[in-house]
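See structure below.
The values are calculated or read from the model by the stated rules, or taken from the named source; none is laboratory data. The structure displayed is predicted, hence computed values, not measured ones. Backbone-built Cβ (ideal geometry, glycine too); neighbour counts: all protein chains shown.
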Amino acid sequence: MSATRPASDPTGRDAAAAVIDPARVTELVARERAAYAASHPASRLAFEQAAGHLLGGVPMTWMRMWPGGFPLYLATARGARLTDIDGNAFADFCLGDTGAMAGHSPEPVQDAVALRYGELGGATAMLPTSDAAWVAAELTRRFGPTHWSFTLSATDANRWALRLARQLTGRPRIAVYSYCYHGSVDESFVVATPGGPRSRPGNTGAPVDPTLTTRVCEFNDIGALEQLLGHGDVAALLMEPALTNVGIVLPEPGYLAAVRELTRAHGTLLINDETHTFSAGPGGCTRAWGLQPDMVTIGKSIGGGIPCGAYGLSAGLAARILADESADIIDTGGVGGTLAGNALSVAAMRATLEHVLTDDAFGPMTVLAGRFTAGVAEVIGELALPWSIVQLGARAEYRFCPRPPRSGGESDAAADPALDEYLHLYLANRGVLITPFHNMALMCPATTAEDVDAHTAAFAAAAAELLG
Ligand SMILES: Cc1ncc(COP(=O)(O)O)c(C=O)c1O
């Protein structure tokens, strides 16, 4: 892991930093929107025609996050490249916001899916296949927890892990970090404010006020965590070892060890959500940094793009939950899903872990993310932009603040939707995609140095135009 700061920025404030004129950003966004519309007539038409029946004009309302007023429509995708229905080609650093961290449609997963679905048949039979035990053993080797269960999404992995944590501890609340994201988990939409915890702005149709279910504090503030765990009612702390959904926020030295010590001291289970931090290595941050959570959750990438998720617990916790006669985890007790652990999903997970996102795959991906980070840092430094970039293994993200943020609140304050739109559109118009959510870029095994350099060149040109 590395955080790169502009050389002239020891304090986070720099009197010599370049100043970006918001009027210039507006002008450039308008120009890039026009160029985007001109080069995507087929995508635009498809979007307009879909508006009558698709909520928000898209298959999933998140897809409205793409800049330019309409998303480009996918035609083909292989490895780190994709094309749209207008025939434009892209180097893809979004990679399905991590769902395609293995690359698009890698061959071993294609073969496993064809074998399971076509040749053998039986994508969903509610019966186990031997792939599941192989995947569970592999997840144990990588992340530590000995007993695993499968889901169809990381959201569900988190939801069910939280239910088990409440059952195991007999405690009602959970704890999260301000501006975390763990999927659409009801309890997690809460932020810390100077006036105390609040439901996160935009929290849609919340079943209950999340301040009743959840305690929240800022990342990297051990005193605040100690205070909230001191209430003695927190079943589990659900965390990413580094925040990745509000920019990347890295833990300060010693912070995660203190978190482990505190959670143990207060009888609170520690759940590492490795869905994004898996970028840190074959066993995510958990293995890379020698962490010892009680549970691990993961989803998105481990099925090579086929829906999947998993949660793992220690042998001791597994034995306790299985022996707990008041916990119905067999039928209608609130943990489970008909298609979870289906044969197709576990076949895809096995192929991905055995042949694509292998131990050896992460080194080159991390080297490329280092190249990406160094390229962006050089541009930031040369132009004296008040921005920073942070790398987490195969992932990197730039943020509009001169010093890498220390907490979710600090990082959220650095958000600039207009600059996001400008950069995303500028890059897309020059054949480079990054996630539509903030400025995250991910490398897959098929990403090349050429792809990275294409991004660096486009980013440099975009930044220079901002100041021009
Ligand atoms: C850390 C983390 N956990 C869980 C999720 C939820 O994943 P999914 O939407 O696939 O359920 C996300 C999604 O972005 C995530 O970033």
Subject >> Residue among GLY121, GLY144 that alone is more than 16 Å from the ligand (Cβ to nearest atom), at pLDDT 95 or above and more than 24 Å from the chain's Cα centre (by Cα) >> reply: GLY121
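Could you tell me whether SER149 is farther than 29 Å from GLU410 by Cβ, at pLDDT 95 or above and either outside any helix (DSSP H, G or I) or touching an Asp or Glu at 6+ places or on another chain (Cβ under 8 Å) (or both)? Step through it out loud before you land on a result.
Values: farther than 29 Å from GLU410 by Cβ: yes; at pLDDT 95 or above: yes; either outside any helix (DSSP H, G or I) or touching an Asp or Glu at 6+ places or on another chain (Cβ under 8 Å) (or both): yes.
For SER149, the condition - farther than 29 Å from GLU410 by Cβ, at pLDDT 95 or above and either outside any helix (DSSP H, G or I) or touching an Asp or Glu at 6+ places or on another chain (Cβ under 8 Å) (or both) - is met.
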**OP:** Go through segment 194-215 and give me each residue that's more than 16 Å from the ligand (Cβ to nearest atom), assigned to a strand (DSSP E or B) and either in contact (Cβ under 8 Å) with a residue 60 or more places away in the chain or surrounded by 14 or more Cβ atoms within 10 Å (Cβ to Cβ) (or both).
**Re:** PRO197, ARG198, SER199, ARG215
Original post:
In segment 155-185, which residues are assigned to a helix (DSSP H, G or I), within 14 Å of the ligand (Cβ to nearest atom) and touching a Phe, Trp or Tyr at 6+ places or on another chain (Cβ under 9 Å)?
Top reply: ASP156, ALA157, ASN158, TRP160, ALA161
**OP:** From ASP131, ASP111, ASP92, grab the single residue that is of a type in the set (D, E, K, R), away from the ligand (no atom under 16 Å from the Cβ) and touching a strand residue (DSSP E or B) at 6+ places or on another chain (Cβ under 8 Å).
**Re:** ASP92
**OP:** Considering every residue within segment 74-89, establish whether at least one is closer than 14 Å to GLY305 by Cβ, within 16 Å of the ligand (Cβ to nearest atom) and part of a loop (DSSP other than H, G, I, E, B).
**Re:** no
Subject >> Search result, residues across segment 197-222 that are touching a helix residue (DSSP H, G or I) at 6+ places or on another chain (Cβ under 8 Å), over 20 Å from ARG159 (Cα atoms) and not hydrophobic (A, V, I, L, M, F, W, C) >> reply: PRO197, ARG198, GLU218, ASN220
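For segment 366-401, give me each residue that is of a type in the set (Val, Ile, Thr) and in contact (Cβ under 8 Å) with a residue 12 or more places away in the chain.
Our first condition is that a residue be of a type in the set (Val, Ile, Thr); within segment 366-401, this holds for 366-367, 373, 376, 379-380, 389-390.
Selection gives THR366, THR373, VAL376, VAL379, ILE380, ILE389, VAL390.
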Original post:
Which of the residues that make up segment 117-137 are of a type in the set (S, T, N, Q) and either surrounded by 13 or more Cβ atoms within 10 Å (Cβ to Cβ) or part of a loop (DSSP other than H, G, I, E, B) (or both)?
Top reply: THR124, THR129
**OP:** Could you tell me whether any residue of segment 375-393 is crowded, with 17+ Cβ neighbours inside 10 Å, over 30 Å from LEU467 (Cβ atoms) and in contact with a helix residue (DSSP H, G or I) (Cβ under 8 Å, 6 or more places away or on another chain)?
**Re:** yes
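One residue is enough: does segment 444-451 have a residue meeting the conditions of a type in the set (A, V, I, L, M) and surrounded by fewer than 21 Cβ atoms within 10 Å (Cβ to Cβ)?
As a first pass, look at segment 444-451 and keep what is of a type in the set (A, V, I, L, M): 446, 449.
Narrowing the set further to residues that are surrounded by fewer than 21 Cβ atoms within 10 Å (Cβ to Cβ) leaves 446, 449.
The answer is yes, given that some residue of segment 444-451 is of a type in the set (A, V, I, L, M) and surrounded by fewer than 21 Cβ atoms within 10 Å (Cβ to Cβ).
Identify all residues within segment 23-38 that are closer than 17 Å to LEU423 by Cα and not charged (D, E, K, R); write none if there are none.
So in segment 23-38, the residues closer than 17 Å to LEU423 by Cα come out as 23-37.
ALA23, VAL25, THR26, LEU28, VAL29, ALA30, ALA34, ALA35, TYR36, ALA37 - these are the residues of segment 23-38 that are closer than 17 Å to LEU423 by Cα and not charged (D, E, K, R).
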Subject >> Condition check for ALA37: modelled with pLDDT of 95 or more, part of a helix (DSSP H, G or I) and over 30 Å from GLU107 (Cα atoms) >> reply: yes
